[in-house]
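Novice: Below are the structure tokens for one structure; questions will follow.
The values are calculated or read from the model by the stated rules, or taken from the named source; none is laboratory data. All figures in this text were calculated on a predicted structure; none of them were measured in a lab. Virtual Cβ from ideal backbone geometry, glycine too; neighbours counted across all protein chains shown. When the accessible area is computed, the model is the full protein with side chains, heavy atoms only, and any ligands, DNA or RNA have been set aside. Shrake-Rupley method; radii C 1.70, N 1.55, O 1.52, S 1.80 Å.
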Amino acid sequence: MIIAVSGTPGVGKTTVAKLLAKKLGYDYVDLREFALKHGVGEMKGEELEIEIDELAYHVEKDLRDKNVVLDGHLSHLMPVDQVIILRAHPKLIGERLKERGYSKGKIAENVEAELVDVCLLEAIDENENIIEIDTTDKSPEEIVSEILDLLNRGIKRRIGIVDWTKFYDEILPYLKLGGDDEWA
Ligand code: DAT
């Protein structure tokens with residue numbers, strides 16, 4: 001069984017995926033490292049540009065028969081049995097990415113992606129089995145318990161649980177509006 005843990009950068013994928021793998025006794029696989037190992041993708045500056053179909057081919061070939069938790073912001077596009085989409089208040093994403101030293105433009109891009117449900121919408125196009133988890137104000141242990149509880153109850157699809165547009169005023173300062181040069 002392959003479980004993908006996906007979501008906007010900074011949402012807590014690595015933290016949660018490692019703990020989930022440990023609790024389940026599954027292997028933890030970092031999708032970016034997996035891609036590099038298989039020679040998929042090209043470095044464009046600091047970013048790795050990945051050919052999705054090629055990566056999906058390797059996931060199918062190498063991981064299909066294993067018990068794996070797949071960590072990465074593209075993992076919801078892979079041929080997996082269950083997708084977990086982690087969600088967090090976009091303000092939290094903004095603060096975490098600021099701490100990571102991301103540029104204002106990169107922060108804005110990711111805060112906006114979280115605000116408008118980009119990962120969820122992409123996942124819906126690819127997979128039936130999608131569980132969304134709101135991680136805001138929850139510890140990694142609480143998040144993993146919530147995931148395990150749903151899976152143990154046989155729940156494979158639970159979506160539409162957050163609406164960040166309610167907090168638009170709080171999110172506004174993180175967004176890039178009007179294309180100001182300062183936001184390079
Ligand atoms: P991602 O892999 O989605 O980029 P991460 O696991 O690296 O995210 O986490 C980003 C930062 O947030 C990192 O400093 C750990 C922290 N973090 C993750 N999950 C958390 C949680 N539930 N509560 C508090 N901090 C968390």
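Novice: Which longest run of the chain has no exposed loop site in it, a site being GluC sites (Glu not before Pro) in a DSSP loop with at most 13 other beta carbons within 10 Å, and the site itself not part of the run? Please report the intermediate quantities before stating the final value.
Specialist: Details: sites that count: GLU46, GLU51, GLU128.
It works out to 52-127.
Novice: Please find the FRET efficiency linking MET1 to LEU172, where r is the Cβ-Cβ separation and R0 is fixed at 45 Å, and quote it to the nearest 0.05.
Specialist: Working: r = 41 Å, r/R0 = 0.91.
Once the sixth-power term is evaluated, E becomes 0.65.
Novice: What's the local net charge at LYS91, with K and R +1, D and E -1, over the other residues with C-beta under 11 Å away?
Specialist: Working: positive: ARG96, LYS98; negative: GLU95, GLU114, ASP169, GLU170.
With Lys, Arg at +1 and Asp, Glu at -1, the net is -2.
Novice: So what's the back-of-envelope 222 nm ellipticity for the chain, counting only DSSP H runs of four-plus at -39500 (n - 2.57) apiece and dividing by all residues, rounded to 500?
Specialist: Details: 8 runs with 79 residues, N = 184.
One gets -12500 deg cm²/dmol as the mean residue ellipticity at 222 nm.
Novice: Let me ask another. How much accessible area per residue does segment 2-174 have, in Å², with a 1.4 Å probe?
Specialist: 52 Å²
Novice: Further, regarding this structure: Roll a 1.4 Å probe over the protein heavy atoms and report the accessible area of ASP30 in Å², nearest 10.
Specialist: Surface open to solvent at ASP30 totals about 40 Å².
Novice: Also: Could you give the length gained on full extension between ASN67 and LEU36, defined as 0.36 nm per residue of separation minus the Cα-Cα distance, in nm? Don't jump to the answer; show the numbers that get you there.
Specialist: Numbers: separation 31, 0.36 × 31 = 11.16 nm, distance 2.08 nm.
That works out to 9.1 nm of additional length.
Novice: In debye to the nearest 20, how big a dipole does segment 2-174 give about its Cα centre with +1 on each Lys and Arg Cβ and -1 on each Asp and Glu Cβ?
Specialist: Once rounded to the nearest 20, the dipole reads 520 debye.
Novice: Given the pairs LYS44/LYS176; LYS23/LYS61; LYS66/LYS156; LYS44/LYS66; LYS22/LYS66; LYS22/LYS106, which span a C-alpha to C-alpha distance of over 21 angstrom in this model?
Specialist: Those over the limit are LYS44/LYS176; LYS23/LYS61; LYS44/LYS66; LYS22/LYS106.
Novice: Shifting gears a bit: What's the carbon and sulfur percent of the chain's accessible surface, probe 1.4 angstrom, rounded to a whole number?
Specialist: Result for the chain: 47 percent of the exposed heavy-atom area is carbon or sulfur.
Novice: Under the rule a/c < 1.5 gives rounded, and otherwise a/b versus b/c splits prolate from oblate, where does segment 23-146 land using the Cα gyration tensor?
Specialist: Verdict is oblate for segment 23-146.
Novice: Quick one: work out the % antiparallel among DSSP beta bridges in segment 1-141, nearest 5.
Specialist: Numbers: 3 of 20 bridges.
Taking every DSSP beta bridge with both residues in segment 1-141, the antiparallel ones total about 15 percent.
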